[in-house]
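Notes follow the structure.
Each reported figure results from applying straightforward, stated rules to the coordinates on display, with no laboratory input. No experiment lies behind these values; they were computed from the predicted model shown. Glycine gets a Cβ as well: all are built from the backbone with ideal geometry, and neighbour counts include every protein chain shown.
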Amino acid sequence: MIEANELTKRYGSTAAVNGLTFTVRPGHVTGFLGPNGAGKSTTLRMILGLNDPTSGTVTVDGRSFRDRPRGLRHVGGLLDAADVHGGRSARAHLTLLARSNRLPVSRVADVLEEVGLTEVARRRIGGYSLGMKQRLGIATALLGDPPVLLFDEPLNGLDPEGVMWVRRLFRRLAAEGRTVFVSSHLMSEMENTADHLVVIGRGELIADEPLAAFSARGTRLSVTVRTPDPAGLAAVLISEGAAVERDEPETLTVTGLSSDRIGEIAFEHRVLLRELATRTASLEDAFMELTADSVEYLAGDRR
């Protein structure tokens, strides 16, 4: 279990993380979400003792990670798959880590097989693709067979088969009763993998709740309408207070009115409808809506 209590990290007058309090429990895949610059990587680094908090605490199973002399037995982490000596082989890299953490060297072969790198284990890491380096990073996290695992953007560079493998791996690890904490910007993967979410923005907590509950907080349900008279229908819908966007020549996306009300308005004005479908809220919809005020960098921003 990971417990953060009023965790704060300041760089001068800037608070990268500000008063974060949350708990990551075993038996679940917990997604860690936030816009770019939200403080996710800084938080993960503080959990692993790589950055000192300005104030507050964070513990793993009741102790600071720095208080564990053989850390890989307790916590496995992948923060940057490229941060590894390119001149070593995967086997040599993992063997050094196993010996320094007093782990059985037999674990090296086990994790290489687990991540699918056995055939290339003696090749230099510098020649690996990004996807292969991600697999090596996951192997490193698994090396000590730890009860707590942290992964920062573990899907970068993986092909579709690799993404499916990681999804199954995380679910299996959680089913074994481990604590699995995953930071990712891929909403579709979090929707398919995570049970619980911790969401932050500008270093502060926005949500700490089950994925389904967070997704349901998105209020901007939209209705897709297809009609041969999109301009005429858009005009009357806007007069009724709806927001209307034209997606294709005959297709509108409408928010602010229910599909039933849109159908009634179209009938009243004798506008033919060819499609009327409600689009339910997704994780991405809820995330974009609930973090809108926490986005630090906006495309096209002229401020």
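Using the Cα gyration tensor of the range 222-280, with a ≥ b ≥ c the square roots of its eigenvalues, what is the shape: rounded (a/c below 1.5), prolate (a/b larger than b/c) or oblate (neither)?
rounded
Starting from the coordinates of the alpha-carbon atoms of the chain, obtain the Kirkwood hydrodynamic radius over all distinct pairs and give the value in Å to one decimal.
21.7
As I understand it, the dipole of the chain uses +1 on the Cβ of Lys and Arg and -1 on the Cβ of Asp and Glu, about the Cα centre. Which of 186, 292, 257 lies farthest toward its positive end?
My answer, from the dipole projection, is 186.
Calculate the FRET efficiency for residue 284 and residue 55 from the Cβ-Cβ distance with a Förster distance of 35 Å, rounded to the nearest 0.05.
0.55
State, to one decimal in nm, how far the label point of residue 172 lies from the label point of residue 191, with both points 7 Å from Cα in the Cβ direction.
Inter-label distance under the simple model: 2.6 nm.
As an exercise, use a Förster radius of 41 Å and the Cβ-Cβ distance of residue 100 and residue 213 to find the FRET efficiency, rounded to the nearest 0.05.
0.45
Test of understanding: what is the full-extension gain from residue 92 to residue 119, defined as 0.36 nm times their sequence separation minus their Cα-Cα distance?
8.3 nm
Using Cα pairs closer than 8 Å and at least 6 residues apart in sequence, work out the relative contact order for the chain, in percent.
Answer for the chain is 21 percent.
Multiplying the sequence separation of residue 73 and residue 229 by 0.36 nm and subtracting their Cα-Cα distance, what value in nm do you get?
Contour length minus the Cα-Cα distance gives 49.7 nm.
Work out how much length residue 80 to residue 130 would gain on full extension: take 0.36 nm times their residue separation and subtract the Cα-Cα distance, in nm to one decimal.
This chain segment gains 16.9 nm when fully extended.
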